[in-house]
Amino acid sequence: MIRLVASDLDGTLLLNGAQKLPEEIFPLIRELKKLGILFVAASGRQYANMKLLFEPVLKDMAFICENGAMAVQNEKILYRDSFDPALVREIVEAVYEKEGAEFSCSTKDFYYVRPKTQGYIDLMTKTVKTNCKFIQDFDEITEPCIKLAVYEEKGMTEESIRYWRERFSDRCTVVTSGYAWLDFIPFGTNKAKGIKKFQELLNAGPKECLVFGDEYNDIEMLKCVPYSFAMKHSKEGVRQAANYETERVEPVLRKLISAKGEISEVLRCIQKNV
């Protein structure tokens with residue numbers, strides 16, 4: 001019997017660059033709750049932004065935010081990680097100095113940003129609709145930082161990924177989180193940490209959990225439970241980390257609801273990864 005369902009957002013529930021959830025997900029989350037199954041949104045996004053996306057069902061679900069740096073249920077913070085301030089300063093300065101790169105520095109309630117272009121301002125405030133605090137000087141970063149991200153409008157190339165990993169992977173986890181995004185997170189912080197926290201709260205084991213993801217920042221989550229689904233469009237390394245594949249999350253959830261949480265019934269018609 002499944003008791004926990006967790007899904008990534010961008011590239012998983014939000015397909016093809018969408019910034020609005022499909023309406024069909026909301027009744028599915030409510031039906032899961034009726035069956036005693038907790039739905040958890042697990043994303044690199046900030047909590048404030050995720051609340052906007054899931055506004056109709058906030059009381060029916062929970063959140064793993066900032067790639068696992070914070071977990072929240074019913075407005076209660078279950079845990080929150082943070083970066084060493086000196087490393088925060090070094091990373092944001094490095095991003096700001098690099099041509100074509102923009103940074104965001106996540107706190108509990110907002111992002112610190114120092115945009116170089118109007119395009120990045122529009123992306124953060126109008127497209128993704130994040131809560132931002134615009135700064136003119138790095139000394140203005142005073143709140144604890146729980147995640148840092150670099151955005152490169154033309155896409156995160158292999159060269160850029162290598163550049164950032166060579167600079168900082170000895171002091172934090174450096175992982176891609178989308179086409180144009182790369183995240184810096186404290187060692188030990190990942191979405192699997194959030195999954196384990198909710199397992200503790202529910203007294204649920206790995207075999208009672210179902211997860212969905214599509215990017216390298218989902219790998220730990222995909223590996224921590226046996227019923228893990230990678231999106232079919234995912235990169236090979238992500239698909240290899242999961243035990244199953246799907247094109248969309250919603251059909252799997254509908255099958256799970258029809259089966260009243262019995263995962264064996266869901267898997268009968270799904271191809272297992274080899």
Since Asn203 meets every condition but one in (1) under 28 Å from Ile77 (Cβ atoms); (2) among the polar types (S, T, N, Q); (3) open to solvent by less than 80 Å² (accessible area, probe 1.4 Å), which condition does it not meet? (3)
Residue satisfying condition, being crowded, with 16+ Cβ neighbours inside 10 Å and over 30 Å from Thr117 (Cα atoms), within set Val92, Val40, Val88: Val40
How many residues does segment 30-57 contain that are over 21 Å from Glu200 (Cα atoms), among the aliphatic types (A, V, I, L, M) and without any contact (Cβ under 8 Å) to a residue 60 or more places away in the chain? 3
Scanning segment 59-69 residue by residue, the ones that are assigned to a helix (DSSP H, G or I) and closer than 17 Å to Cys145 by Cβ total 3
Within segment 18-29, which residues are touching a residue at least 60 places away in the same chain (Cβ under 8 Å) and part of a loop (DSSP other than H, G, I, E, B)? Gln19, Pro22, Glu24
Read through the list (1) out of contact with any strand residue (DSSP E or B) (no Cβ under 6 Å at 6 or more places or on another chain); (2) part of a strand (DSSP E or B), then give the number of the only condition that Val5 fails. (1)
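Listed here are the residues, each with its yes/no results for (1) of a type in the set (Val, Ile, Thr); (2) at pLDDT below 95.
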position	(1), (2)
Val211	yes, no
Asp214	no, no
Val225	yes, no
Arg248	no, no
Leu253	no, no
Leu256	no, no
Lys260	no, no
Asn273	no, yes
Take the residues in segment 148-197 that are open to solvent by 10 Å² or more (accessible area, probe 1.4 Å), assigned to a strand (DSSP E or B) and closer than 17 Å to Thr130 by Cβ; name whichever of them is modelled with the highest pLDDT. Tyr151
How many residues are without any contact (Cβ under 8 Å) to a residue 40 or more places away in the chain and outside any loop (DSSP other than H, G, I, E, B) if we restrict to segment 8-17? 1
In this structure, does Val72 turn out to be in a helix (DSSP H, G or I) and open to solvent by less than 20 Å² (accessible area, probe 1.4 Å)? no
For segment 206-250, which residues satisfy the criterion of being open to solvent by less than 30 Å² (accessible area, probe 1.4 Å), assigned to a helix (DSSP H, G or I) and in contact with a Leu (Cβ under 8 Å, 6 or more places away or on another chain)? Val238, Ala241, Glu250
Tell me, which residue of segment 113-133 that is of a type outside the set (D, E, K, R) and closer than 18 Å to Glu143 by Cβ is surrounded by the fewest Cβ atoms within 10 Å (Cβ to Cβ)? Asn131
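Conditions tested, residue by residue: (1) more than 26 Å from Val174 (Cβ to Cβ); (2) modelled with pLDDT of 95 or more; (3) open to solvent by 10 Å² or more (accessible area, probe 1.4 Å).
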| residue | (1), (2), (3) |
| --- | --- |
| Pro27 | yes, yes, yes |
| Tyr47 | no, no, yes |
| Phe54 | yes, yes, no |
| Leu58 | yes, yes, yes |
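The values are calculated or read from the model by the stated rules, or taken from the named source; none is laboratory data. Computed from a prediction, not measured in an experiment: that's the story for all the values here. Glycine gets a Cβ as well: all are built from the backbone with ideal geometry, and neighbour counts include every protein chain shown. Just so you know, the surface numbers come from the protein's heavy atoms only, side chains and all, with ligands and any DNA or RNA stripped out. Shrake-Rupley method; radii C 1.70, N 1.55, O 1.52, S 1.80 Å.
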